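Contents: one structure, followed by commentary.
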């Protein structure tokens, strides 16, 4: 089902969101909560779609560390296996007696060669062992260069460090109603300036016999702030100019409504523009609710304290009398 409505011609329809209008070809939400697009690409072989450098720059930190450890162990297991197949007799300085102990010593020799540490007790003397060791040494140099580039890229990549409230709220606002959500910069000594918010509504609309997704640029009480030292509550008044005017909770569900949030700001640390995306589906919108304040005065009354753990806290409130 979709909403059958006649909207005012003054509403701003946003055709540049990058999403199509077909209702039968879209699965789930458009934007994930972490800001990534909820889609997968198909039709080409994986090796043409996959970019290792781009993926390693953007995966989660624990995955990056795990991949580095697995790669390091795998390379050394591979080369120590080659050394063992070549034969321990092509090495000088081995003191192990059993096959397992010899394999362990060759693994440690591989790690020393790969990292160019080279302690010196064990060294190759045969041609084949020297050839494989030279191949491992150049592989170690190249791997270190690539790893250094990835580490620098990850640490130097500008980031917004923003947290968004889990839910958007339909709250009393100046005697009427408004759609609200809030976000905050959670890093110490991290200040964003020229913060701009864009809010786009996507929902199914039926006009005549045709049902399609339409995207509306929503007007905000404040679309921009000069700096973001505290939290920012984004407010869209639900007045006659809003495509959500008069919507009930069931209307949000029937329209499969989703709010697409884009925050753009300037990061003083990196002297660069940072972006952060998120979205709220109709299931993540709470009616008749109001955010609780998330800041307080310090005990000595000299400092304002932002309580990050209260970002998602809200209370239920009655509807305005005029509604």
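The figures follow:
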quantity: For the stretch 192-264 versus the stretch 104-161, the gap between their alpha-carbon centres in whole angstrom; calculated: 52
quantity: Estimated FRET transfer efficiency (residue 309, residue 154; beta-carbon r; R0 25 Å; 0.05); calculated: 0.35
quantity: Equivalent ellipsoid semi-axes - Cα gyration tensor, the chain, angstrom; calculated: 57, 25, 16
quantity: Inter-label distance for residue 287 and residue 104, nm, one decimal - labels placed 7 Å from Cα along Cα-to-Cβ; calculated: 6.8
quantity: Tail fraction, Cα-Cα pairs, the stretch 162-316, threshold 20 Å, whole percent; calculated: 53
quantity: Relative counts (whole %) of C-alpha pair distances in the stretch 77-210, using bins that are 5 Å wide; calculated: 2, 8, 12, 12, 8, 6, 5, 5, 5, 6, 7, 7, 6, 5, 4, 3, 1, 0
quantity: 163, 135, 180 arranged by Cβ crowding within 10 Å, fewest neighbours leading; calculated: 135, 163, 180
quantity: Sites residue 193 and residue 60 - FRET efficiency at Förster radius 22 Å, r taken between beta-carbons, to 0.05; calculated: 0.20
quantity: Kirkwood-Stokes translational diffusion coefficient of the stretch 48-156, alpha-carbon pairs, 37 °C, 0.692 mPa s, µm²/s; calculated: 216
quantity: Spin-label pair residue 147/residue 186, simplified geometry with 7 Å Cα→Cβ offset, distance in nm; calculated: 2.9
quantity: Tilt relative to the chain, helix 127-156 - C-alpha long axis, 0 to 90 degrees, to 10; calculated: 20
quantity: Order by protection proxy (mean Cβ within 10 Å, highest first), peptides 51-64, 118-131; calculated: 118-131, 51-64
quantity: DSSP bridge orientation in the chain - percent antiparallel, rounded to nearest 5; calculated: 95
quantity: Cα radius of gyration and Dmax for the stretch 191-281 (Å); calculated: 15.8, 53
quantity: GNM flexibility winner over the chain from 44, 85, 192 (Cα, springs under 10 Å); calculated: 44
quantity: Nearest-ten-degree value, helix 99-114 long axis tilted from longest Cα axis of the chain; calculated: 60
quantity: Net length gained if the chain between residue 249 and residue 85 were fully extended (0.36 nm per residue, minus Cα distance); calculated: 52.1 nm
quantity: Exposure proxy ranking, count of Cβ atoms within 10 Å, fewest first, for 84, 232, 181; calculated: 84, 232, 181
quantity: Full-stretch length increase - residue 302, residue 221 - with 0.36 nm per residue and alpha-carbon distance subtracted; calculated: 26.2 nm
quantity: Cα gyration tensor shape of the stretch 235-323, rounded if a/c is under 1.5, else prolate or oblate by comparing a/b with b/c; calculated: oblate
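Since every read-out is calculated from the coordinates, none of them should be taken as a lab result. Since we're looking at a predicted model, the values are computed, not measured. No Cβ is skipped: glycine too gets one built from the backbone with ideal geometry, and neighbour counts run over all protein chains shown.
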